[in-house]
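Here the structure is laid out as C-alpha cells; the discussion comes afterwards.
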Amino acid sequence: MNGLMKTYVRWVDAISEWVGIVAMFLIFLMIAILLLDAIMRNVVQVPLHWCVEFVQFTLTAYYFMGGAATLKNDEHVRMDLIYANLSPRGKSWVDLATVGCLAFYITVLLIGSISSLRYAIATNETRFSIWNPSMIPIKALMTVCLVLMLLQSISLLFKHFAAVRGKSFA
C-alpha cells in the first residue's frame with residue numbers, strides 16, 4: 001500500500017477516534033442539563049425554557065460527531081444473513097461496494113448541508129421557539145462532521161481495496 005495512503009488512513013482514523021471520544025462525553029452534558037431542568041422546574045419552580053431544546057441540539061451533535069468513529073470501528077448496523085458466510089476476501093468485496101455507496105450518500109448529504117448552512121448564514125436563521133437559538137452552529141457542526149465521515153469513508157475504501165488485493169493494512 002502506498003505510503004501516502006497509509007498516512008492518510010492513520011490521520012483520518014486518529015481524528016475520527018478523537019472526535020468520537022469528544023462525542024462520548026456529550027452524554028454527560030445532556031444528563032447534567034436535563035438534571036438542571038428537572039431541579040429548576042420541580043424544586044425551585046422556575047422553568048428553564050432552553051434546556052430541552054439545548055439537549056436536542058446536543059443529541060444531534062452526538063450523533064453526527066459519532067458517525068466517523070462508528071465507521072472507523074466497524075460498529076454500524078449490518079445485515080449478516082449472507083455477509084457472515086463470506087470469506088474474508090468476499091467480505092472485503094462487499095464492504096468495498098457498500099462503502100462506495102456510502103461515500104456517494106454522504107456526498108449528497110454534504111451538498112445539502114452546505115446549502116442549508118449557507119441559507120442559515122445568509123438569513124441568520126433561528127429556531128422558532130421561546131429560546132430562539134441560532135441554527136448556524138449546529139448546521140456548521142453537521143457540515144464538518146459530514147466532511148469527516150466522507151474522509152473516513154475514503155479511508156475505508158483504501159483499507160478494503162488493500163484487503164481485496166490480499167494485502168494487510170498495517
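Within segment 37-50, can one find any residue that is surrounded by 15 or more Cβ atoms within 10 Å (Cβ to Cβ), closer than 26 Å to Val144 by Cα, under 13 Å from the mean Cα position of the chain (by Cα) and hydrophobic (A, V, I, L, M, F, W, C)? Full working, then the answer.
At the first step, the residues of segment 37-50 found to be surrounded by 15 or more Cβ atoms within 10 Å (Cβ to Cβ) are 37, 48, 50.
Now narrow it down to the ones that are closer than 26 Å to Val144 by Cα: 50.
Narrowing further to those that are under 13 Å from the mean Cα position of the chain (by Cα): none.
Among the residues of segment 37-50, not one is surrounded by 15 or more Cβ atoms within 10 Å (Cβ to Cβ), closer than 26 Å to Val144 by Cα, under 13 Å from the mean Cα position of the chain (by Cα) and hydrophobic (A, V, I, L, M, F, W, C), which makes the answer no.
Could you tell me whether Glu53 is of a type in the set (Asp, Glu) and touching a residue at least 40 places away in the same chain (Cβ under 8 Å)?
Working: of a type in the set (Asp, Glu): yes; touching a residue at least 40 places away in the same chain (Cβ under 8 Å): yes.
Yes.
Taking the stated definitions as given, is Asp74 in contact with a His (Cβ under 9 Å, 6 or more places away or on another chain) and among the charged types (D, E, K, R)?
Considered against the rule, which asks whether it is in contact with a His (Cβ under 9 Å, 6 or more places away or on another chain) and among the charged types (D, E, K, R), Asp74 comes out as no.
Of all residues being more than 14 Å from Leu156 (Cβ to Cβ) and in contact with a Leu (Cβ under 8 Å, 6 or more places away or on another chain) in segment 82-110, which is surrounded by the most Cβ atoms within 10 Å (Cβ to Cβ)? Just the residue, please.
Leu110
Being at pLDDT below 95 and over 17 Å from Leu151 (Cβ atoms) is true for just one of Ala97, Ala120. Which residue is that?
Selected residue: Ala97, the only one of Ala97, Ala120 that is at pLDDT below 95 and over 17 Å from Leu151 (Cβ atoms).
Could you give me the residue pairs with C-beta distances under 6 Å whose first residue belongs to segment 86-110 and is under 24 Å from Leu141 (Cβ atoms) and touching a residue at least 24 places away in the same chain (Cβ under 8 Å), whose second residue is surrounded by 14 or more Cβ atoms within 10 Å (Cβ to Cβ) and of a type in the set (Asp, Glu) wherever it lies, and which are 6+ apart or on separate chains?
That search, which allows pairs on different chains as well, returns nothing.
Restricting the first residue to segment 27-47 and requiring it to be free of Cβ contacts under 8 Å to residues at least 12 places away in the same chain, which pairs with a second residue that is surrounded by 13 or more Cβ atoms within 10 Å (Cβ to Cβ) and among the aliphatic types (A, V, I, L, M) meet a Cβ separation below 9 Å and a spacing of at least six or different chains?
Met40/Leu48; Arg41/Leu48; Val46/Met40; Pro47/Met40
Taking segment 1-26 on its own, how many of its residues are over 18 Å from Cys145 (Cα atoms), free of Cβ contacts under 8 Å to residues at least 12 places away in the same chain and among the aliphatic types (A, V, I, L, M)?
Number satisfying all stated conditions: 1.
Any idea which residue in segment 111-124 is surrounded by the most Cβ atoms within 10 Å (Cβ to Cβ), counting only those that are of a type outside the set (Gly, Ala, Ser) and touching a residue at least 12 places away in the same chain (Cβ under 8 Å)?
Across segment 111-124, the extreme among qualifying residues is Leu117.
Kindly indicate whether Ala23 is touching a Phe, Trp or Tyr at 6+ places or on another chain (Cβ under 6 Å) and assigned to a helix (DSSP H, G or I). Before you say what the answer is, go through the steps one by one.
Working: touching a Phe, Trp or Tyr at 6+ places or on another chain (Cβ under 6 Å): yes; assigned to a helix (DSSP H, G or I): yes.
It is true that Ala23 is touching a Phe, Trp or Tyr at 6+ places or on another chain (Cβ under 6 Å) and assigned to a helix (DSSP H, G or I).
The values are calculated or read from the model by the stated rules, or taken from the named source; none is laboratory data. In this text, all values refer to a predicted model and were calculated from it rather than measured experimentally. All Cβ positions, even for glycine, are placed from backbone atoms using ideal geometry, and neighbour counts span all protein chains on display.
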